[in-house]
Amino acid sequence: MAVAVGVAAFVGPARAQEQEAAPPPSAAAGDQPLGEEEAMVLNFERADIREVIHSLATALGISYTIDPRIEGQVTIRTNGKIAREDLFPLFNQILRNNGIAAVKVGDIYQILPVAEAKTRAIVPPSAAARQGARATDSFVIEIFPVRHVSSDEMVNILQPFVTPGGDALSYPRSNLVVVTDLQTNVTRLRELVTTFDTDVFHNLHARVFKMQYGDPDELANEILGLLAPYGVTSTGEGEGGVFLIPLSRLNSIVAIAFDPVMFTEIERWLKLLDIPPEESAGRQTFVYPVENAKAADLAAVLN
């Protein structure tokens, strides 16, 4: 038969070293909140999650209500002492690992399934409120304006990093991303938004190459074929990316690349390929207007 064991030992670090032979704390002492400089040793083996919540909430000195749907078992052992200041993040981590969250309403913490907890997320109105939410790692709602990419695309980037039970929603009309998540994870998501919401033109370089003899379309295709073995692709998905846009009207090729070194290589190949017809080997194309016969009949005779 499986046996669930839960032990939470409260230890005052200074007293514990000076009075090693002191008797263990009484049961009544375990029902008192930890002092600011006290620590706690956790040793729970398949303990009921409700007992673990009670032990930690008592140590933290918080009042709580618990949803009747909360159930499960917890195993946790700490080799050393957990300081009181580190106990609340651990408390939240244990809850999240079991699909639970603590939502503060007034002076009471409501222990709820995480899917319901996010519906009670707050919008911190000030820096002080955000600091308080960070201290308790509460569910919050934050809105990220996106400037350089679409909100739909940004949501696809953020979704894998959202805490289970959280949400990242797109509001295309104003190009906003609405995130509901734990405050600690919202900070990380904000950093991701800053990283990916960049000006696409900032790192791009462009240069125009004027053709003298060759056709821009043909030369663009030939250069891309020559650069392909070096991992350079026309979509930018290879080791290096370059876009060649032929402009027949201007008899030019526009090259766009992330690395301006690519332009030197393109220029080198153009010097070899963009040459007069009489200097090139192979087949050439000439156009003759037919005056006294049908072009199709004449072509059949010549072939």
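Bear in mind that the values in this text are calculations on the coordinates, not laboratory data. Quantities reported herein were computed from a predicted structural model and do not represent experimental measurements. Because the Cβ atoms are built from the backbone with ideal geometry, glycine has one as well, and the counts that use them run over all protein chains shown.
What is the range 205-279 by shape, rounded, prolate or oblate, if you read a ≥ b ≥ c off the alpha carbon gyration tensor as root eigenvalues and call it rounded for a/c under 1.5, prolate for a/b larger than b/c, and oblate otherwise?
On the way: a/c = 1.98, a/b = 1.58, b/c = 1.25.
Prolate shape, in that a/c is at least 1.5 and a/b is the bigger ratio.
Report Rg(Cα)/(2.2 N^0.38 Å) for the range 133-196, keeping two decimals. The partial results should precede the final answer.
Working: Rg = 11.0 Å, N = 64, 2.2 N^0.38 = 10.7 Å.
With N residues counted in the range 133-196, Rg over 2.2 N^0.38 Å equals 1.03.
Can you give the FRET efficiency for Glu36 and Leu90, using 1/(1 + (r/R0)^6), R0 = 22 Å, r = Cβ-Cβ distance, to the nearest 0.05?
Calculated value: 0.85.
Report the trypsin sites (Lys or Arg not before Pro) located in the range 163-245 that are in a DSSP loop and have at most 15 other Cβ atoms inside 10 Å of their Cβ, or state none. Working shown, then result.
Numbers: sites: Arg173, Arg188, Arg190, Arg207, Lys210; in loops: Arg173.
Qualifying residues, ordered by number: Arg173.
To the nearest 0.05, what FRET efficiency results for Asp167 and Lys294 with a Förster distance of 51 Å applied to their C-beta separation?
Working: r = 70 Å, r/R0 = 1.38.
In this case the efficiency is close to 0.15.
Assuming 0.36 nm per residue, please report the length gained on full extension of the stretch Asn221 to Thr78 beyond their Cα-Cα distance. Working shown, then result.
Values: separation 143, 0.36 × 143 = 51.48 nm, distance 6.44 nm.
Residue separation times 0.36 nm, minus the Cα-Cα distance, leaves 45.0 nm.
Given a Förster radius of 30 Å and the C-beta distance between His54 and Thr119 as r, what FRET efficiency does 1/(1 + (r/R0)^6) yield to the nearest 0.05?
Efficiency for this residue pair is about 0.75.
Among the chymotrypsin sites (Phe, Trp or Tyr not before Pro) within the range 155-214, which fall in a DSSP loop and have no more than 13 other Cβ atoms within 10 Å of their own Cβ? Mind dumping the intermediate values first?
Working: sites: Phe161, Phe196, Phe201, Phe209, Tyr213; in loops: Phe201, Tyr213.
Answer in residue order: Phe201.
For the range 133-196, what does the relative contact order come out to in percent, with C-alpha contacts under 8 Å and a separation of six or more?
Working: 100 pairs, mean separation 26.0, N = 64.
Relative CO of the range 133-196 lands at 41 percent.
With the crude spin-label approximation of a point 7 Å out along Cα→Cβ, what separation in nm comes out for Tyr230 versus Thr184?
4.8
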